[in-house]
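Taken together, the values in this text are just the output of simple stated rules run on the coordinates, not laboratory data. Just so we're clear, the structure is a prediction, and the values are computed from it rather than from any experiment. No Cβ is skipped: glycine too gets one built from the backbone with ideal geometry, and neighbour counts run over all protein chains shown.
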Amino acid sequence: MMTELTIAMPKGRIFDEALELLKQAGYNLPPEFDDSRRLIIEVPEEKLTFILAKPMDVPTYVEHGVADLGIAGKDVMLEEERDVYELLDLKISPCYLAVAGLPGTTMSEVAPKIATKYPTIASGYFREQGEQVEIIKLNGSIELAPMIGLADRIVDIVSTGRTLKENGLVEYEKIVGITSRLIVNPVSYRMKDERIDELAERLRDVVSRITV
Ligand code: PRP
């Protein structure tokens, strides 16, 4: 009998690309995926259950074992530092984390303020640079912070660069490149290794075909 798997999927911009990968890997997923507010979607024919989570929460579900697998951005992995394994780079949703701010400005000499959704990554980055900064945690629309005088710099995701440009901000430093990853709970991986390896293999095939 085929083992049941639960997969935590990130709602939002990664979702469509992740769904497309699964479909290309041959999983037969019902139409309610594309247009539904349901948070748990069961696909009995495939013995799969999907949990639709906030992207930042995906590693939490996987670490606690309520999802065997998850799809999470590398940004979320670096920020959350959860006890999960990364199985595969899915190469979807490429973007990077960068330091940005108003053009032609220098940071305050004393405790410059850095606004970000990523306090762990940002504080680690500035510590490595030998700079003492004050981190201001925001939950979105980070680009507002330098524009209205809340922060000297932001640390945020840059994808097309449009948000920076349209708000008159410039990039100062790139921190790290980001793509989405397939992650797994270590205990699930031990208990359900055959099914998980098969799923990872099917996805690996699709990813290698797309990136060739
Ligand atoms: C992300 C990120 C930037 C933007 C970058 O925000 O925080 O604001 O996308 O994309 P771009 O370079 O293509 O313009 P998101 O849309 O996830 O919303 P948020 O502001 O609520 O974080």
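Dipole magnitude of the chain about its Cα centre, charges +1 at Lys/Arg Cβ and -1 at Asp/Glu Cβ only, in debye to the nearest 20?
Value, rounded to 20: 320 debye.
Let me know the charge dipole size of the stretch 95-176 about its Cα centre in debye, to the nearest 20, where only the beta-carbon of Lys, Arg (+1) and Asp, Glu (-1) is charged.
Here the stretch 95-176 has a charge dipole of around 220 debye.
Let me check the size of the stretch 32-139 from its C-alpha atoms; what are the radius of gyration and Dmax in Å?
Rg then Dmax for the stretch 32-139, in Å: 18.2, 60.
Distance from the Cα centre of the stretch 10-48 to that of the stretch 65-87, in angstrom?
18
Could you grab the relative contact order for the stretch 22-133? Cα pairs under 8 Å, six or more apart, rounded to a whole percent.
After rounding, I find 15 percent.
Enumerate the whole-percent occupancy of each 10 Å bin, from 0 to the last occupied one, for all C-alpha pair distances of the chain.
So the P(r) values, bin by bin, are 8, 32, 30, 19, 10, 2, 0.
Provide the percentage of antiparallel DSSP beta bridges, counting only those with both residues in the stretch 95-176; round to the nearest 5.
Roughly 60 percent of the DSSP beta bridges within the stretch 95-176 come out antiparallel.
What is the set of long-range amide H partners of D156 at a cut-off below 5 Å, with H atoms built 1.01 Å from backbone N?
A98, A100
Just to be sure I understand: of the beta bridges DSSP finds with both ends in the stretch 1-106, what percent are antiparallel, rounded to 5?
Of the beta bridges lying entirely in the stretch 1-106, close to 35 percent run antiparallel.
Under 8 Å for C-alpha pairs, at least 6 residues apart: give me the relative contact order for the chain, rounded to a whole percent.
For the chain, the relative contact order is 28 percent.
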